[in-house]
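Novice: Before I ask anything, here is the structure I am working with.
Each reported figure results from applying straightforward, stated rules to the coordinates on display, with no laboratory input. As the structure is a computational prediction, the values presented were derived from the model and not from experiment. Virtual Cβ from ideal backbone geometry, glycine too; neighbours counted across all protein chains shown.
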Amino acid sequence: MTTRPPRLDAPYPLSDDHIAAYERDGFIKLKDGIPADVLERYAREITDRVLEIAPGDAPLEERDTYGRAFLQVTNLWRRSEPVKELVLGERLGRIAAELMRVDGTRLYHDQALYKEPGGGFTPWHADQYYWPLATDRCITAWIPLQPTPVEMGALAFAVGSQYVEIGRDIPISDESETLLQEELERAGLEYSVTPYDLGEVSFHSGWTFHRAGPNRTDAPRRVMTVIYMDRDMRLAEPGNDHQVAD
């Protein structure tokens, strides 16, 4: 049994300006969302579990676009006590609640997303396409486990796209990359991509369109994500086959 570092539960000094920026843009990046030294405590464990569960045996050139984008493992918190400490830390859940202006959050799931050296781009998509949730009060915390330059595949956002209803019926694919790129440009939405420092965490809304470029470095882009929903969230009737499975 390990002991969760107190700073995983310590409040983050979120300001009214932070909340306003999130509501305007559909995302926000927060320095020291998780202190770098605390995050380093968990990075090795997450990596070990990902490589154990999803070793990526198939060569990149034999995979489809989605398979080349990253290795993906869901709900690591159920497989590792140290990962459970990180995922259930109060700090991130409280940030999520304050950004969404709700009284509390529940964990929906977590995902580790590892983009291998030479791994391909992640096409444009919105996460909530996959989730049978009754409202838009859901949010993803995107937590890089190393400093992440743009050329490693830093997450990019279409600013303000959470208010645009185009493309909400398109799953992640080569088609979504092409069609959403055209529609987002037509809507005049700004493209935002910047490096991440270690410990910097971004939060994006379920309907915010985002993508990531390929990993052009010789190191893996290691990312842990935690998805939260309003604690009062109810399920909706599934709108597509992915939501049925979810």
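Novice: How many of the residues in region 13-44 are assigned to a helix (DSSP H, G or I) and under 15 Å from residue 146 (Cβ atoms)?
Specialist: Total meeting the criteria: 9.
Novice: Here's another thing I want to ask about it. Would it be correct to say that residue 165 is more than 26 Å from residue 38 (Cβ to Cβ) and free of Cβ contacts under 8 Å to residues at least 40 places away in the same chain?
Specialist: Taking the combined requirement at face value, the residue satisfies it.
Novice: Pull up region 177-206, narrow it to residues that are under 17 Å from residue 140 (Cβ atoms) and of a type outside the set (Val, Ile, Thr), then point me to the one that is surrounded by the fewest Cβ atoms within 10 Å (Cβ to Cβ).
Specialist: It comes out as 192.
Novice: Continuing with the same structure: Please enumerate the residues belonging to region 83-114 that are in contact with a helix residue (DSSP H, G or I) (Cβ under 7 Å, 6 or more places away or on another chain), closer than 24 Å to residue 162 by Cβ and in a strand (DSSP E or B).
Specialist: 105, 107, 110
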